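Peer 1: Here it is, the structure in full.
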Amino acid sequence: MPLERRHAKPETAPVQWNKVTLVGVGLLGGSLGLALRKRGLAGSVVGFVRRAASVRECEQVGAVDRATRDLAQAIGGADLIVVSTPIAQMLPLVERMLPALKAGAIVTDVGSVKAGVVRDLEALVARAGGHFVGSHPMAGAERMGVSAARADLFVNAVCVITPTRNSKPAAVRKVTALWKSAGSTVLRMAPQPHDELVSRSSHLPHVVAAALAGFVLSPKWPKQQAALCANGFRDTTRIASGSPEMWRDIAIANRKNLALALESFMGELKIFGRALKSENEEAISTFFETAKHRRDLWTAKGRSASPE
């Protein structure tokens, strides 16, 4: 199967990029590499990885044409660099790669928090003669690593790009085209509003799933507890199996927005708790009915927003 993915014929003819470099080839970077290669959108896809074992794995999976542990070699001559590492690693890696950056190269990322990343990287890349445009493809899975990568991961997913007043329009258009070519619906948003919105819709759910998994599966409960965790528990806590390193970085980077979201959410739970203690059947029914109505409406409409 990996060889079939590696040698799949391009679905589209035009090459949009001569060389694309993926700095980090995990689930997101690997999936983008597979999509670019499958659709024939890059002359070559090169991956920068940290471990020797990852070089062969990335090539076997077909996520890249070539993988290397030499950052300067990976970056040299690239038209597009996609930084696909945990957020805390982005700044030091970009600082290291700048001497090898091609003039006019476009740099983007896949980070789930944008304000700090854009603030740190935009001016840095510009001083080296490149152009940075932040990206956040809202796709993923609880499985980690390039072995979990899929060429269709971004199909029908929302990808937010976060240009600023300093962004070069041509670079914004090219980053938009990148994610559209991978199958995503692209939304354009300023970094700060993006971070506030995802603190509720993306980061808070992960905290809740992690808290639920840690609480229910604690060894302080009888050993039969885990046996009584069925599909509802499995579905609700699925994302708690995601990368602890990645989610630690996300929580810290977006801590102010996440703390506010968590405080508001706990307030909702306290309201329900008071209704439960007082046996307020009307309030309890309203709690569940409102949640069902809002989720059913969201599901029926899809994730509505104005695409790019």
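The values are calculated or read from the model by the stated rules, or taken from the named source; none is laboratory data. These figures come from a predicted structure and were not determined experimentally. For neighbour counting, all protein chains shown are included, and Cβ atoms are generated from backbone atoms with ideal geometry for every residue, glycine included. Surface accessibility is based on the protein's heavy atoms, side chains included, excluding ligands, DNA and RNA. Shrake-Rupley method; radii C 1.70, N 1.55, O 1.52, S 1.80 Å.
Peer 1: At 7 Å along the Cα-to-beta-carbon direction for both Cys229 and Leu197, put a label point, then send me their distance in nm to one decimal.
Peer 2: With each label placed 7 Å out from Cα toward Cβ, I get 3.3 nm.
Peer 1: Just to be sure I understand, if you calculate Kirkwood radius over Cα pairs in Å for this structure, which of (1) 22.5; (2) 20.1; (3) 20.9 do you get?
Peer 2: Matching entry in (1) 22.5; (2) 20.1; (3) 20.9: (3).
Peer 1: Skipping prolines and chain starts, which residues have an amide H placed within reach, meaning under 5 Å, of the one on Leu80, given they are 5 or more residues away or on another chain?
Peer 2: When sequence neighbours closer than 5 places are left aside, the close amide H contacts are Lys19, Thr21, Ile106.
Peer 1: Heavy atoms only, 1.4 Å probe, whole protein assembly: order Met90, Met246 by accessible area, highest first.
Peer 2: Met246, Met90
Peer 1: Could you tell me the center-to-center distance, by alpha carbons, between region 203-234 and region 52-114 in angstrom?
Peer 2: 36 Å
Peer 1: I'd like to check one number: the per residue accessible area of region 92-158, probe 1.4 Å, reported in Å² as a whole number.
Peer 2: Roughly 39 Å² per residue, with all protein chains present.
Peer 1: Another question, then. Using only alpha carbon pairs under 8 Å that are at least six residues apart, calculate the relative contact order of region 183-308 and give it in whole percent.
Peer 2: It rounds to 40 percent for region 183-308.
Peer 1: Taking loop as defined by DSSP and a crowding limit of 11 other beta carbons within 10 Å, which trypsin sites (Lys or Arg not before Pro) in region 137-188 fit?
Peer 2: Within region 137-188, the qualifying trypsin sites (Lys or Arg not before Pro) (loop, at most 11 other Cβ atoms within 10 Å) are Arg165.
Peer 1: Another question about this same structure. With every protein chain kept in the model, how would you rank Leu217, Leu27, Leu91, Leu80 by accessible area, 1.4 Å probe, largest at the top?
Peer 2: Result, largest first: Leu217, Leu91, Leu27, Leu80.
Peer 1: In what sequence, largest accessible area first, do Phe215, Phe287, Phe272, Phe154 appear using a 1.4 Å probe?
Peer 2: Phe215, Phe287, Phe272, Phe154
Peer 1: Amide H neighbours of Gly134 under 5 Å, counting only residues 5+ apart in sequence or on other chains, H built in-plane at 1.01 Å?
Peer 2: Sorted by chain and number, the residues that satisfy this are Thr162.
Peer 1: Antiparallel versus total DSSP beta bridges in the chain: what percent is that, nearest 5?
Peer 2: In the chain, DSSP labels about 15 percent of beta bridges as antiparallel.
Peer 1: Tally up the carbon and sulfur contribution to the accessible surface of the chain as a whole percent, 1.4 Å probe, everything protein left in place.
Peer 2: 56 percent
Peer 1: Specify whether the C-alpha gyration tensor of region 94-166 places it in the rounded, prolate or oblate class, a ≥ b ≥ c being the square roots of the eigenvalues: rounded for a/c under 1.5, otherwise prolate if a/b is larger than b/c and oblate if not.
Peer 2: It comes out prolate by the Cα gyration axes.
Peer 1: At 0.36 nm per residue, minus the direct Cα-Cα distance, what do Asn18 and Arg165 gain on full extension? Give it in nm, one decimal, please.
Peer 2: Contour length minus the Cα-Cα distance gives 50.2 nm.
Peer 1: Let me ask something additional. Let me know the shape class of region 174-303, please: from the alpha-carbon gyration tensor, a ≥ b ≥ c as square roots of the eigenvalues, rounded when a/c is under 1.5, otherwise prolate if a/b is greater than b/c, or oblate.
Peer 2: Note, shape of region 174-303 comes out prolate.
Peer 1: Right, next: Which residue, Asn254, Asn156, Asn231, has the most motion in a Gaussian network model of the chain that connects Cα atoms within less than 10 Å?
Peer 2: Asn231
Peer 1: If you don't mind, there's one more thing I want to ask. Can you compute the modelled spin-label distance between Leu217 and Phe265, with each label point 7 Å from Cα toward Cβ, in nm?
Peer 2: Distance between label points: 1.8 nm.
Peer 1: Give the accessible area for Leu262 in Å² (nearest 10); use a 1.4 Å probe, count only protein heavy atoms, and leave out ligands, DNA and RNA.
Peer 2: The accessible area of Leu262 comes to roughly 60 Å².
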